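Student: Sharing a structure, written as structure tokens. Questions coming.
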Amino acid sequence: AGTAVPQPDRKHSFVAFKTNLFYDAVLVPNLGIEFNVYDNWTVYGDIMYAGWDMPSAHFYWNFYGAQFGARKYFGRLAGQRDFSGHHAGIYGQMLAYDLQAGNFGQQTSNINIGAGIDYGYSFPVSNSLNIDVEVGIGYLGGKYYEYVVTEDPYTWRGTIQRAFVGPTKASVSLVWIIRPRKTLTK
């Protein structure tokens, strides 16, 4: 029989911060935090907010929301490095918006909610940085209004009840993993 190969003592990272580059690209600042809770299981929360307004151009971009969930990392890389490798999980979403471009706009009547399952992969790019790619499918529901920009007040076109089932999440995120400090040996 063979002898067991000793494994290096791995210090576990407890927390990672992230930003979704898709949201950043469309000028929606966002920040997420993810906690390693047990044996490659994590919980996370993300928030996003944008409040851009250019009334003379009939442009309004107000968007805010939150997302939260739990995931399990698995595969060879997950066994070697925290917050890395394949992952699958569940998530919930809450969002509200008022989007206007030109003479047309949409606005939620209150917070829309969603939930689903997701799959992704987190690629290490340096000792403390990963690129995380994920997609999710689920449900997104709530009411929103469509309006036309005329004079003040705007003209209401209709109220629509959303009950969407399909892709509700897509992200390419930059993840900063906070590494534990090395302990001094005596």
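The values are calculated or read from the model by the stated rules, or taken from the named source; none is laboratory data. Predicted model, so just to flag it, every value in this text is computed and none were measured. Positions of Cβ are backbone-derived with ideal geometry, glycine not excepted, and every protein chain shown enters the neighbour counts. SASA here: full protein model, heavy atoms, side chains in, ligands and nucleic acids out. Shrake-Rupley method; radii C 1.70, N 1.55, O 1.52, S 1.80 Å.
Student: Consider region 33-48. How many of its residues are under 16 Å from SER84 (Cα atoms) and either polar (S, T, N, Q) or open to solvent by less than 30 Å² (accessible area, probe 1.4 Å) (or both)?
Tutor: 5
Student: For region 76-94, does any single residue satisfy the condition of being among the β-branched types (Val, Ile, Thr) and either at pLDDT 95 or above or within 12 Å of the chain's Cα centre (by Cα) (or both)?
Tutor: Scanning region 76-94 turns up at least one residue that is among the β-branched types (Val, Ile, Thr) and either at pLDDT 95 or above or within 12 Å of the chain's Cα centre (by Cα) (or both).
Student: Mind checking whether some residue in region 168-179 is among the aromatic types (Phe, Trp, Tyr) and at pLDDT below 90?
Tutor: no
Student: If ILE90 satisfies all but one of (1) touching a residue at least 60 places away in the same chain (Cβ under 8 Å); (2) in contact with a Gly (Cβ under 9 Å, 6 or more places away or on another chain); (3) open to solvent by 30 Å² or more (accessible area, probe 1.4 Å); (4) not charged (D, E, K, R), what's the number of the condition it fails?
Tutor: (1)
Student: In addition: Please tell me if GLY136 is part of a strand (DSSP E or B), more than 24 Å from LEU27 (Cα to Cα), in contact with a Ser or Thr (Cβ under 7 Å, 6 or more places away or on another chain) and in contact (Cβ under 8 Å) with a residue 40 or more places away in the chain.
Tutor: no
Student: Please indicate, with yes or no, whether at least one residue in region 53-60 is more than 18 Å from VAL172 (Cα to Cα), crowded, with 16+ Cβ neighbours inside 10 Å and either of a type in the set (Ser, Thr, Tyr) or within 16 Å of the chain's Cα centre (by Cα) (or both).
Tutor: Yes, some residue in region 53-60 is more than 18 Å from VAL172 (Cα to Cα), crowded, with 16+ Cβ neighbours inside 10 Å and either of a type in the set (Ser, Thr, Tyr) or within 16 Å of the chain's Cα centre (by Cα) (or both).
Student: Identify, from the list THR19, THR42, the residue that is at pLDDT 95 or above, under 17 Å from SER173 (Cα atoms), within 10 Å of the chain's Cα centre (by Cα) and of a type in the set (S, T, N, Q).
Tutor: None of the others qualify; the one that does is THR19.
Student: Please work out which residue is modelled with the lowest pLDDT, limiting yourself to region 137-159 and to residues that are within 22 Å of MET54 (Cα to Cα) and among the aliphatic types (A, V, I, L, M).
Tutor: VAL149
Student: Another question, then. Taking the options THR150, THR159, name whichever one is assigned to a loop (DSSP other than H, G, I, E, B) and either β-branched (Val, Ile, Thr) or open to solvent by less than 20 Å² (accessible area, probe 1.4 Å) (or both).
Tutor: THR150
Student: Any residue in region 172-185 that is among the charged types (D, E, K, R) and open to solvent by less than 30 Å² (accessible area, probe 1.4 Å)?
Tutor: Checking region 172-185: not a single residue is among the charged types (D, E, K, R) and open to solvent by less than 30 Å² (accessible area, probe 1.4 Å).
Student: For region 108-166, which positions are within 19 Å of the chain's Cα centre (by Cα) and acidic (Asp, Glu)?
Tutor: Correct list: ASP118, ASP132, GLU134.
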